[in-house]
Every structure is written in C-alpha cells, then in structure tokens.
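Structure first, then comments.
The values are calculated or read from the model by the stated rules, or taken from the named source; none is laboratory data. Not measured: the values here are computed from a predicted model. All Cβ positions, glycine included, derive from the backbone under ideal geometry; neighbour counts span all protein chains shown. What goes into the accessible areas is simple: the full protein's heavy atoms, side chains included, and nothing from ligands, DNA or RNA. Shrake-Rupley method; radii C 1.70, N 1.55, O 1.52, S 1.80 Å.
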Amino acid sequence: GLRFVMNNIYSIFYEKQPVSIEEMLPNKENPLLCTFLNPYTAYMAKKESNLYNRFDVIGSDGFLVVLINYLFSCKKTLRVSFDMTSLADVLFTYLETHKQSVYFIGSTEENISRSMIIIQNSFPFLNIVGYHHGFINGQESLIANEIIDINPDVVVVGMGALVQDRFAVLLRDLGCRSSIYTCGGFLHQTINRINYYPKWINRLHLRTLYRLIKEPYVWKRVILYYPRFVCKYIYYLYHL
C-alpha cells in the first residue's frame, strides 16, 4: 500500500542517490553524512529505514540500481563506491588540494595500520590525523568522543553495513561536525595495494565478477538477496 511506498528503504535509497560525484565532496558549512548501499545491504537495512533517513547522500554501490533507474526513466543516477575507481580517489585528492584532514576507523588493528601506510604512500600530502580499528563493541561513544576531540574535516568509517552506518549517525548525534563517509571493505581491501581492482577489470566494468571470484561468500548474497531487492525496488518505482 501507500505506506510501503512512502517510508521504506527503497524510497529512501532512491531519493538520496546522487546525480554527480561532486554532491559527495565535503562541505565545511554543512557537513555531509554519506553512505552506500547495494541490493544486498539495502535488503539487510530494510528494518532500519529510519537510520538511513538520517543520511544526506546514499550512493549506489554497483551498476544494477543505476540500470534499473535508467530503464524506468527515473532520475539519472551514477554508480559510486568508496574505492579507488570512484569516490575514494576523488575525495583523497580533494582533501590534499584543500589541505583538509581525515580520520579513519575500521578493519582490524593490523589491517588498518597496513592500509594507512599504503594510503599515505599513494597520497603523500593527505593529512591523516588519526586512525583506530573497528572492533569497538561497547566503546562506541568513547571512541566517537575521541574523534570529535580531534575534530578532523572528514571521518571515514569502515565497519561493514549497518554497523558503520549506526556509528556514523552516532558520531553526528554526539556533535561531530566532520563530513562522515562509510567505506565498507575499503580499508581491508587496501592492505596490499591502493587499487583493489586491476585496471583491465575496472575498464571492462567487471568489478562484481572479480569480487565473486576473489570473495566467494559474495555468491550467496547475490543469489539470495539480489532478486528480492530487484523485485521490491521495481515495485517501488512502478508506484512513483
């Protein structure tokens, strides 16, 4: 019914998708709260639609949702993920150019230490003012307040879907004035090299296939959740 159409994860996802990557760049006057969803994470997030209503921008992590929007002649959106093929490269370059600072939280203690070295080597002028691993269960408010005290221009949170989104919103609720971005598995994927995807994979838009081969657990997500999401998302668009 109408209630389904008006306030659910599908409508929130659709309404908050950016039409340009510039929309996702940090804004000091009006700090952004940005996250990303794909059909799997959107399906998992459907019971927490109020959480996702808090975000300013929700990027479509993958081409499928962008394609569906196009087929239904809805607004022209773009695929935007937090990786070096998309927002991460643009964001880090922007921060270097504008001399803005960034704080990272996520992954394991060992992995985030390794990824910081890789990121700093790739962006030598990036002002990394701190980092922390993402296993902070029970200490969320404590760590959030430590980040707020540091007061970076940008906070990047990589704890996996829902957990990272809850932490991003908690940061804002506790008074964080940084622009906050979730980054999914970016910190984990950056422990060996800055570019997770080989250039030819990216050029041919085979990122999903590459992940299916490299990370077999993704198969289950695609088979179980993508068809459900597609049906419900199309149902929402059909009732616009």
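Below is a table of values for the structure above.
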{"item": "In the stretch 58-75, residue nearest to E29 (Cα to Cα) [restricted to those that are surrounded by fewer than 19 Cβ atoms within 10 Å (Cβ to Cβ) and in contact with a helix residue (DSSP H, G or I) (Cβ under 7 Å, 6 or more places away or on another chain)]", "result": "K75"}
{"item": "Qualifying residues in the stretch 206-240 (those that are free of Cβ contacts under 8 Å to residues at least 40 places away in the same chain, in contact with a helix residue (DSSP H, G or I) (Cβ under 6 Å, 6 or more places away or on another chain) and open to solvent by less than 40 Å² (accessible area, probe 1.4 Å)) - the one farthest from G160 (Cα to Cα)", "result": "Y210"}
{"item": "Single unsatisfied condition, I143 versus (1) in contact with a strand residue (DSSP E or B) (Cβ under 9 Å, 6 or more places away or on another chain); (2) farther than 21 Å from T41 by Cβ; (3) open to solvent by 60 Å² or more (accessible area, probe 1.4 Å); (4) not hydroxyl-bearing (S, T, Y)", "result": "(3)"}
{"item": "Test: residue in the stretch 90-97 that is open to solvent by 20 Å² or more (accessible area, probe 1.4 Å), without any contact (Cβ under 8 Å) to a residue 12 or more places away in the chain and either part of a strand (DSSP E or B) or not acidic (D, E) (or both)", "result": "yes"}
{"item": "L224 modelled with pLDDT of 90 or more, of a type in the set (A, V, I, L, M) and within 18 Å of I119 (Cβ to Cβ)", "result": "no"}
{"item": "Positions within the stretch 98-121 being hydrophobic (A, V, I, L, M, F, W, C) and buried (at least 20 other Cβ atoms within 10 Å of the Cβ), in sequence order", "result": "V102, F104, I105, I112, I119"}
{"item": "Search result, residues across the stretch 111-131 that are assigned to a helix (DSSP H, G or I), farther than 16 Å from N195 by Cβ and without any contact (Cβ under 8 Å) to a residue 40 or more places away in the chain", "result": "S113, M116"}
{"item": "Residue among D83, D56 that is of a type in the set (D, E) and either in contact with a Lys or Arg (Cβ under 8 Å, 6 or more places away or on another chain) or without any contact (Cβ under 8 Å) to a residue 60 or more places away in the chain (or both)", "result": "D56"}
{"item": "Residues that are more than 18 Å from L237 (Cβ to Cβ) and in contact with a strand residue (DSSP E or B) (Cβ under 9 Å, 6 or more places away or on another chain), drawn from the stretch 60-84", "result": "D61, V80, S81, F82"}
{"item": "Evaluation of N127 against (1) more than 19 Å from H98 (Cβ to Cβ); (2) open to solvent by 30 Å² or more (accessible area, probe 1.4 Å); (3) at pLDDT 95 or above (one fails), failing number", "result": "(1)"}
{"item": "Candidate set: the stretch 151-163, residues that are over 17 Å from V102 (Cα atoms) and among the small types (G, A, S); chosen: the one most open to solvent (accessible area, probe 1.4 Å)", "result": "A161"}
{"item": "Residue check for V169: in contact with a strand residue (DSSP E or B) (Cβ under 8 Å, 6 or more places away or on another chain), closer than 26 Å to Y40 by Cβ and of a type in the set (V, I, T)", "result": "yes"}
{"item": "Residue satisfying all of: in the stretch 25-57; open to solvent by 40 Å² or more (accessible area, probe 1.4 Å) and closer than 20 Å to G158 by Cβ; farthest from the chain's Cα centre (by Cα) among these", "result": "E48"}
{"item": "Criterion (open to solvent by 40 Å² or more (accessible area, probe 1.4 Å), closer than 18 Å to L91 by Cβ and out of contact with any His (no Cβ under 8 Å at 6 or more places or on another chain)) met by exactly one of R166, R203, R177", "result": "R177"}
